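Working notes for the structure below.
Coordinate-derived values only; no laboratory data. The structure presented is a predicted model; accordingly, all values stated were derived computationally and were not measured. Cβ placement follows ideal geometry from the backbone for every residue including glycine, while neighbour counts extend to all protein chains displayed.
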Amino acid sequence: MPLTNQFSIHDAAEAAGLTPSVIRVWEERYGWPSPKRHHNGYRAFASHEIEELKRAAILVRGGMPIGKLIVDGFPHWPDEAKRVASKQHDLSQTKALPSRPGRMAENLRDLVIGGLNQLHGGHILECVQRACIELRPADEVAVVLAPALLGLIELQQHDRTVTHDQDVRIAVASRSRQLRQRLPTTGNDVLVAPASEADGDFTALVIAALATRGISARQSVNAEASIIASENVPSPGQRKQSPGQQKQLFVTALPCEGCLPVSRILDPNYVTEAILRLENTPALAG
């Protein structure tokens with residue numbers, strides 16, 4: 001996953017004004033930081049993780065106990081705690097996404113929502129990385145990837161931006177493409193196209209979501225696609241079919257009239273055949 005994990009523990013320690021042994025102790029005792037590792041076992045820190053180490057080092061030098069700063073494997077910054085206590089962001093659509101049963105799935109979902117509420121992309125990136133190890137591939141999309149990306153989109157509707165927003169998007173899209181190759185699918189590929197250049201990450205998520213239902217899909221160009229994926233509500237003009245044009249289904253991040261929300265694809269109670277037949281959107285909406 002292209003998360004720019006390219007810095008060694010010595011690089012991270014030097015940048016943060018710490019020693020490698022201190023970072024190792026924090027990781028062993030408190031579960032943070034938890035960088036990715038190369039195949040040879042060496043730690044590989046991303047740039048955002050180094051920035052968080054710098055911030056933690058300043059607080060610790062100022063007198064804050066490290067055990068109070070790191071809770072449940074994540075740093076709890078003092079100013080963020082006040083902000084979260086004063087206002088919870090509107091994430092009603094993200095919270096309503098279908099999830100998967102199990103304590104691990106519930107824990108990771110809660111951590112993603114917490115990162116979104118705190119506008120802290122570093123926490124969300126941690127969850128994306130943990131999901132690769134702690135969840136079945138078929139559950140990653142519903143539990144972590146979809147809430148992470150749809151949460152970013154929903155917050156943007158309210159003019160809120162998460163830190164490391166682009167890193168989160170890259171991570172979600174990259175893992176979605178990997179899962180598309182790993183999950184078993186059948187049948188001919190359903191062609192899925194982004195509604196615009198900005199919808200590429202969401203398109204990758206839609207294709208992975210289809211793969212969790214056993215539907216084989218791949219990205220294509222708009223003109224020949226059966227499904228058009230859009231982060232935003234498409235205008236009626238976008239959805240209008242030209243004479244002789246193949247019927248196209250709009251899948252959107254947030255629900256809108258005449259479109260299929262991605263939450264329906266993730267819902268195991270939703271009939272898979274309805275997607276494969278690409279029925280009229282009023283029937284799908286019903």
Percent relative contact order for the chain, counting Cα pairs under 8 Å at least six residues apart, stands at 13
Karplus ³J(HN,Hα) for the stretch 54-60 (6.51 cos²θ - 1.76 cosθ + 1.60, θ = phi - 60°; Hz, whole; x = Gly/Pro) runs 4, 5, 5, 4, 4, 5, 5
Residue-ordered couplings for the stretch 34-45, obtained by feeding phi - 60° into the Karplus form 6.51 cos²θ - 1.76 cosθ + 1.60 and rounding to whole Hz (Gly and Pro as x), are 10, x, 5, 10, 6, 4, 8, x, 6, 5, 9, 8
Computed over the stretch 83-196, the Cα gyration tensor eigenvalues, each multiplied by 5 and square-rooted, give semi-axes in Å (largest first) of 24, 17, 13
Stretched fully, the stretch from His76 through Asn40 gains (0.36 nm per residue minus C-alpha distance, one decimal, in nm) 9.9 nm
Simple SL model, points at 7 angstrom along Cα→Cβ for Thr161 and Val221; separation in nm is 3.3
Cross-link reach from Lys36 to aspartates and glutamates, straight Cα distance under 17 Å and at least 8 residues apart if same chain, gives Asp11, Glu27, Glu28, Glu49, Glu51, Glu52, Glu126, Glu134, Asp167
Any aspartates and glutamates whose Cα falls less than 14 Å from that of Lys247, other than same-chain ones fewer than 8 residues away, would be Glu224, Glu279
Which residues qualify? For Ala217, with a placed amide H closer than 5 Å and at least 5 residues away or on another chain, they are Val190
Expected sort for Asp201, Asp110 with the fewest Cβ neighbours (10 Å cutoff) up front is Asp110, Asp201
Once both label points are put 7 Å beyond Cα along the C-beta direction, the Asp189-Val271 separation in nm becomes 2.8
Taking N as the number of residues in the chain, the ratio of its alpha carbon radius of gyration to 2.2 N^0.38 Å works out to 1.08
Plugging the Cβ-Cβ distance of Glu14 and Gln178 into 1/(1 + (r/R0)^6) at R0 = 35 Å yields, to the nearest 0.05, a FRET efficiency of 0.60
Dividing the surface of the Cα convex hull of the stretch 149-214 by four yields a projected area in nm² of 4.8
Binned at 10 Å starting from 0, the alpha-carbon pair-distance distribution of the stretch 9-67 in whole percents comes out as 23, 61, 15, 2
Zone reached by a paramagnetic label modelled 7 Å from Lys68 Cα along Cα→Cβ, restricted to the stretch 25-46 with backbone N below 15 Å, covers none
With 0.36 nm assigned to each residue of separation and the Cα-Cα distance removed, Leu59 to Val233 gains 58.4 nm
